[in-house]
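Notes to accompany the following structure.
The values are calculated or read from the model by the stated rules, or taken from the named source; none is laboratory data. On a predicted model such as this, the values are computed, not experimentally measured, just so you know. Heads up, the Cβs are rebuilt from the backbone with ideal geometry, glycines too, and the neighbour counts pull from every protein chain shown.
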Amino acid sequence: MKNKFTPPKNFTIGILGNVEKISTCETALELIRILEERGINFYVQKEISEQMRIRCGLNAGKSSVQASDVPGKSDVIVSLGGDGTILRTAKTVGESGKPILGVNLGKLGFLAELNFDELRKSIDGLLKGEFNLEERTVLKASFGRGKKASSVFALNDVVIDKAGSPRMIDLETYVDSEYLITYRADGIVISTPTGSTGYCLSTGGPIITMETRVIAISPISPHTLSARPVIVPDSSEIRIVVRSAYKHVMLAADGQVSSVQAPPAEFAVSLAPHRITLLRKSTNGFFGLLRSKLMWGVDIRSSEEYRTGEEKE
């Protein structure tokens, strides 16, 4: 669901990012300069602040806080990195509901759509209310029993796989207690519409528009070629039972290993009670984003690299 973002008076921006990228420090420095020019308050992740101190001698002082404290002190979170960084930022933001603005310092950038050159223009656009608030559904994955029961959340997807074993595993799959199929495969991806352009896409799953209220179930390298991805309403509970495997079964939420279980193991995945809100440019439509990022309609034969390769041959 989309609504226009209206900046509150004297609002505060929080800065989180991927500290392993050198460009994160450089981008944070530029962002802070822009914010200071406009008199906008900010808080910056402690690790990023430390990198700025080491590289440039800039001390963020009291504006430097632990990453976990940034959402509580901010009205908007700017995430510096790539899509993976936004997924980690979403975990930090959690149920606070603070909107996330992604600056892409990576490669593809489905979620983090802005780039370094757009920083100044984007901050000004934010102040003018030129961005949309776009709510994204989140998955909750539960596993374990009794005192060992636990749960994790995922904006993109929940993956259950064979934890490095060379053998396939049998994944009994149920939707709202109704038996669906036993996938004999390397694993299974359970995805939100947001995650449909991630691992789900790599498994041959569908691309799903963000407004579509569904969950995608996609097997990873299934042994039976007729075993296909299945779309179910996002009101469903999906239960995966693994009764036997070579050694262990692994559950990962948004690419982060959350649990390694010894079979028999059971996992339940359903819609989380909260959502994540992204700030998106009003002019960028979903299909335009797909054409741009997936290079739909682009003939690589006309590219310089392709022509150069032909000449060499």
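Some points to look at:
- Condition check for Ala67 on (1) more than 14 Å from Val103 (Cβ to Cβ); (2) at pLDDT below 90; (3) within 22 Å of the chain's Cα centre (by Cα): one failure, at (2).
- Residue ranges of strands (runs of 3 or more DSSP E) in the stretch 63-165 with at least 1 members over 21 Å from Ile215 (Cβ atoms): 76-81, 100-104, 131-143
- One residue alone among Pro264, Pro233, Pro273, Pro229 is over 14 Å from Gly187 (Cβ atoms) and in contact with a helix residue (DSSP H, G or I) (Cβ under 9 Å, 6 or more places away or on another chain), and that residue is Pro273.
- Take the conditions (1) surrounded by fewer than 16 Cβ atoms within 10 Å (Cβ to Cβ); (2) assigned to a loop (DSSP other than H, G, I, E, B); Pro263 misses just one of them, which is (1).
- Among the residues of the stretch 174-214, those identified as farther than 30 Å from Val93 by Cβ and surrounded by fewer than 19 Cβ atoms within 10 Å (Cβ to Cβ) are Tyr174, Ser177, Glu178, Tyr179, Leu180, Ile181, Thr182, Arg184, Gly204.
- Filtered residue count, the stretch 221-255, keeping only those that are of a type outside the set (Phe, Trp, Tyr) and touching a residue at least 60 places away in the same chain (Cβ under 8 Å): 20
- Test result for Ile32, over 18 Å from Leu133 (Cα atoms), β-branched (Val, Ile, Thr) and not assigned by TED's automatic domain parsing to the domain that holds Ala252: yes
- Which numbered condition Ser74 fails, given (1) surrounded by 23 or more Cβ atoms within 10 Å (Cβ to Cβ); (2) without any contact (Cβ under 8 Å) to a residue 40 or more places away in the chain: (2)
- Every residue from the stretch 35-62 that is assigned to a helix (DSSP H, G or I) and exposed (fewer than 15 other Cβ atoms within 10 Å of the Cβ): Glu36, Glu37, Arg53, Ile54, Arg55, Cys56, Gly61, Lys62
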